[in-house]
Amino acid sequence: MGVFSSMGSPEISSLSWGHMKVQGCSSSYKDCKVWPGGSRAWDWRETGTNHNPGVQPADLEEVLKKGVDLLVIGRGMSEALQ
């Protein structure tokens, strides 16, 4: 996890199929969560997320606790995530 300004979330600097690069992070992610001050890999298995049934409330709770004002959820390159 990188350290970033507390003023805003780090930007996603590149995106391609199965590969996300977040500003300030030396590694890339397959899927990730980004919030003011940091980011981490998003392992869907932690909460039972899958294309169907989709994003789970526990996936959101972690990021909301980080103090976000606006939450954007991507649905994937083919928009398959429910």
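Please find, within the stretch 9-64, the residue that is surrounded by the most Cβ atoms within 10 Å (Cβ to Cβ) out of those that are of a type in the set (Asp, Glu) and closer than 15 Å to residue 76 by Cα. Ranking the candidates gives 31 first. Among the residues of the stretch 8-24, those identified as in contact (Cβ under 8 Å) with a residue 24 or more places away in the chain and either over 16 Å from residue 40 (Cβ atoms) or more than 13 Å from the chain's Cα centre (by Cα) (or both) are 8, 17.
Every number here is computed from the coordinates shown, using simple stated rules; none is lab data. Note that the coordinates shown come from a computational prediction; the quantities given were computed from them, not determined experimentally. A quick note on method: Cβ atoms are made from the backbone with ideal geometry, for glycine too, and the neighbour counts reach across all protein chains shown.
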